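Written below as structure tokens is the structure these notes are about.
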Amino acid sequence: MATLARPALGPADARAVIDPASYAAWDPLLDLFDRLRTETPVAWVEPENGIHPPFWLLTRYEDAMRVSKDNATFLNNPQTVVFSLSDGIEFAKAFTGGSPHMVASLVTFDAPIHMKYRKLTQEWFMPKNLRGIEGEVRALAEKTVQRLIDAGRSEGAGETKDVDFVKLVSAPYPLHVVMQILGVPEEDEPRMLMLTQQMFGGQDEDLNQSGMKDLPPEVITQIVAGAVKDFEAYFAGLTAQKRANPTGDVASTIANAVIDGEPLNDRDMMGYYIIVAAAGHDTTSASTAGAMLALARDPEQFARVRADRSLLPGIVEEAIRWTSPVQHFMRTAAEDTEVGGQRIAKGDWLMINYVAANHDPAVFDDPRRFDAARQPNRHLAFGAGAHQCLGLHLARLEMRILFETLLDRIERVELAGEPKRAKSTFVGGLKTLPIRFVAA
Ligand code: HEM
């Protein structure tokens with residue numbers, strides 16, 4: 001029998017779950033999820049003073065998997081797919097003329113339209129097609145690793161200066177890759193980065209370089225509106241170019257796409273470019289930094305994988321589970337239903353928490369341990385079901401190629417200080433990773 005009462009979290013727990021700062025303190029966050037998974041695995045999170053709509057928090061792997069896979073009962077509409085405060089939701093509705101989604105994209109569509117859009121680029125992101133871009137990705141990896149080695153070079157023989165792996169490698173490299181597949185030239189990358197930050201208003205003050213924190217709402221509205229217009233203008237130019245001269249990259253595929261005999265409209269086309277640019281960047285940065293953290297903490301593991309590259313896929317997969325860069329997505333119940341023995345009402349909002357699910361001891365032995373030999377490693381970091389990450393093969397390929405390049409050029413690596421995590425409820429991960437290394 002499903003429970004009717006809604007087991008609500010206490011105010012302190014409810015606050016912790018939605019506070020970006022909680023996600024910067026990893027072990028306490030995992031402690032919280034461990035306790036909630038035991039006490040209230042399907043927990044009702046009530047807002048204080050209505051600052052956000054209430055929602056169900058899922059911390060068990062099994063429940064997260066079920067909700068992810070049942071795309072008929074758990075929709076990506078009408079509530080938002082990313083946790084948002086009520087003010088943000090109202091702002092988006094005013095801005096878009098009714099939709100709570102700032103950008104219309106794959107993650108904000110449900111069946112049947114979702115699959116029609118997804119099919120446009122699905123083939124492009126498959127391993128067979130990606131083989132064709134391996135050479136370009138490797139060139140970017142080599143350039144990035146060279147920059148790391150140059151930055152770390154010091155006067156003393158064999159020794160290097162301490163450097164920040166995030167700044168030099170894990171942040172810029174995935175950005176270069178997505179910009180390359182979108183056909184954005186390198187000199188336009190800072191503009192793209194700034195526009196994405198302005199549109200999504202980062203929660204971490206160090207990462208949000210757009211200076212939007214603490215500005216009055218009407219000024220923020222103008223900045224966001226300006227960013228959307230700027231994006232539109234930029235991608236309109238790119239679209240015209242890719243229609244005149246298709247080049248086989250993902251931007252050409254989007255620019256020349258046709259659904260039910262019609263080209264995409266401007267909002268949908270822009271949303272497609274933006275989702276690829278945004279989804280493929282911070283996520284892979286976070287898992288790449290996570291892999292380096294695990295290796296820097298464990299010199300023996302570093303030496304082992306240097307000698308035996310067949311260990312690399314296991315390291316990449318475990319880094320993706322262990323970091324869980326996308327920390328949640330939300331769903332809305334399409335009908336009265338049940339999750340984990342709890343009654344869920346039609347219209348209820350649910351948070352699939354990937355961090356909690358990927359640290360569920362019912363599925364992962366000793367989940368906080370980085371275990372590159374974990375078999376099987378059926379983590380949920382890429383989600384599951386109809387919306388499962390479109391870029392998962394690309395993310396793995398990028399990481400494998402980067403680490404192949406790194407392992408060729410670096411003999412030893414160690415931590416040179418305490419890494420810092422980003423304050424963010426949505427995409428998280430390291431914002432600094434001080435290392436020192438010995439070049440090969
Ligand atoms: C380690 C890196 C990455 C992680 C952890 C990650 C994670 C995710 C997750 C959790 C979802 C939602 C899944 C769901 O709702 O069930 C998603 C969707 C998506 N991801 Fe990724 N992602 C990564 C890299 C990438 C890359 C490199 C790209 C492309 C350049 C990409 C493009 C997308 C797109 C387009 C979607 C929407 C798919 C849909 O709604 O049909 N992601 N990703």
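The values are calculated or read from the model by the stated rules, or taken from the named source; none is laboratory data. Quick caveat: nothing in here was measured; it's all calculated off a predicted structure. Counting neighbours? That spans all protein chains shown, and the Cβs are built from the backbone with ideal geometry, glycine included. Side chains included, ligands, DNA and RNA excluded: accessible areas come from the protein's heavy atoms. Shrake-Rupley method; radii C 1.70, N 1.55, O 1.52, S 1.80 Å.
Could you tell me which of the residues VAL184, VAL177, VAL166 is touching a strand residue (DSSP E or B) at 6+ places or on another chain (Cβ under 9 Å) and either modelled with pLDDT of 75 or more or part of a strand (DSSP E or B) (or both)?
VAL166
Just give me the residues in segment 89-127 being closer than 21 Å to ALA251 by Cβ, in a loop (DSSP other than H, G, I, E, B), free of Cβ contacts under 8 Å to residues at least 40 places away in the same chain and more than 9 Å from the ligand (Cβ to nearest atom), in sequence order.
Across segment 89-127, the qualifying residue is only GLU123.
Consider SER68 against the criteria (1) within 11 Å of the ligand (Cβ to nearest atom); (2) under 30 Å from PHE364 (Cα atoms); (3) assigned to a loop (DSSP other than H, G, I, E, B); (4) modelled with pLDDT of 95 or more: it satisfies all of them except one. Which criterion is unmet?
(3)
If you take the residues of segment 117-126 that are more than 24 Å from VAL169 (Cβ to Cβ) and not acidic (Asp, Glu), which of them is most open to solvent (accessible area, probe 1.4 Å)? Break it down stepwise before answering.
Step one: filter segment 117-126 for residues more than 24 Å from VAL169 (Cβ to Cβ), giving 117-124, 126.
If we keep only those that are not acidic (Asp, Glu) as well, we get 117-122, 124, 126.
Details: TYR117: 17, ARG118: 27, LYS119: 136, LEU120: 40, THR121: 0, GLN122: 57, TRP124: 22, MET126: 77 Å².
In this case the residue turns out to be LYS119.
Is one or more of the residues making up segment 111-128 touching a helix residue (DSSP H, G or I) at 6+ places or on another chain (Cβ under 6 Å) and closer than 23 Å to LEU406 by Cβ?
yes
Out of curiosity, is ASN377 open to solvent by less than 40 Å² (accessible area, probe 1.4 Å) and either more than 16 Å from the chain's Cα centre (by Cα) or without any contact (Cβ under 8 Å) to a residue 40 or more places away in the chain (or both)?
Here the answer is yes, as ASN377 does meet what is asked.
Across segment 287-301, what is the number of residues that are more than 16 Å from the ligand (Cβ to nearest atom) and either within 21 Å of the chain's Cα centre (by Cα) or surrounded by fewer than 22 Cβ atoms within 10 Å (Cβ to Cβ) (or both)?
5
Report, by residue number, each residue of segment 391-405 that is open to solvent by 30 Å² or more (accessible area, probe 1.4 Å) and closer than 21 Å to TRP124 by Cβ.
Answer for segment 391-405, where residues must be open to solvent by 30 Å² or more (accessible area, probe 1.4 Å) and closer than 21 Å to TRP124 by Cβ: HIS393, ARG396, ARG400.
When you look at GLY417, is it on the phi > 0 side of the Ramachandran plot and not hydrophobic (A, V, I, L, M, F, W, C), yes or no?
yes
Scan segment 74-96 for residues that are of a type outside the set (A, V, I, L, M), modelled with pLDDT of 90 or more and buried (at least 18 other Cβ atoms within 10 Å of the Cβ) and jot them down.
Selection gives PHE74, ASN76, GLN79, THR80, PHE83, SER84.
Go through segment 133-192 and give me each residue that's among the acidic types (Asp, Glu), open to solvent by 20 Å² or more (accessible area, probe 1.4 Å) and in contact (Cβ under 8 Å) with a residue 12 or more places away in the chain.
GLU134, GLU136, GLU142, GLU159, ASP162, ASP164, ASP188
Pairs needed: first member in segment 38-67, open to solvent by less than 10 Å² (accessible area, probe 1.4 Å); second member anywhere, among the charged types (D, E, K, R) and part of a loop (DSSP other than H, G, I, E, B); C-beta distance under 7 Å; at least 6 residues apart or different chains.
Filtered contacts from segment 38-67: TRP56/ASP348.
Where the second residue is assigned to a helix (DSSP H, G or I) and of a type in the set (A, V, I, L, M, F, W, C) and the first is open to solvent by 20 Å² or more (accessible area, probe 1.4 Å) and lies in segment 310-324, which pairs have Cβ atoms under 7 Å and are six or more apart or on separate chains?
LEU311/VAL305; TRP322/ALA294
In this structure, does THR284 turn out to be crowded, with 19+ Cβ neighbours inside 10 Å, more than 22 Å from GLN197 (Cα to Cα) and of a type in the set (Ser, Thr, Tyr)? Don't jump to the end; show me each part of the working.
Values: crowded, with 19+ Cβ neighbours inside 10 Å: yes; more than 22 Å from GLN197 (Cα to Cα): no; of a type in the set (Ser, Thr, Tyr): yes.
It is false that THR284 is crowded, with 19+ Cβ neighbours inside 10 Å, more than 22 Å from GLN197 (Cα to Cα) and of a type in the set (Ser, Thr, Tyr).
Say whether the condition of being within 15 Å of the ligand (Cβ to nearest atom), out of contact with any Gly (no Cβ under 8 Å at 6 or more places or on another chain) and under 17 Å from TYR354 (Cα atoms) is met by at least one residue in segment 44-64.
There is at least one residue in segment 44-64 that is within 15 Å of the ligand (Cβ to nearest atom), out of contact with any Gly (no Cβ under 8 Å at 6 or more places or on another chain) and under 17 Å from TYR354 (Cα atoms).
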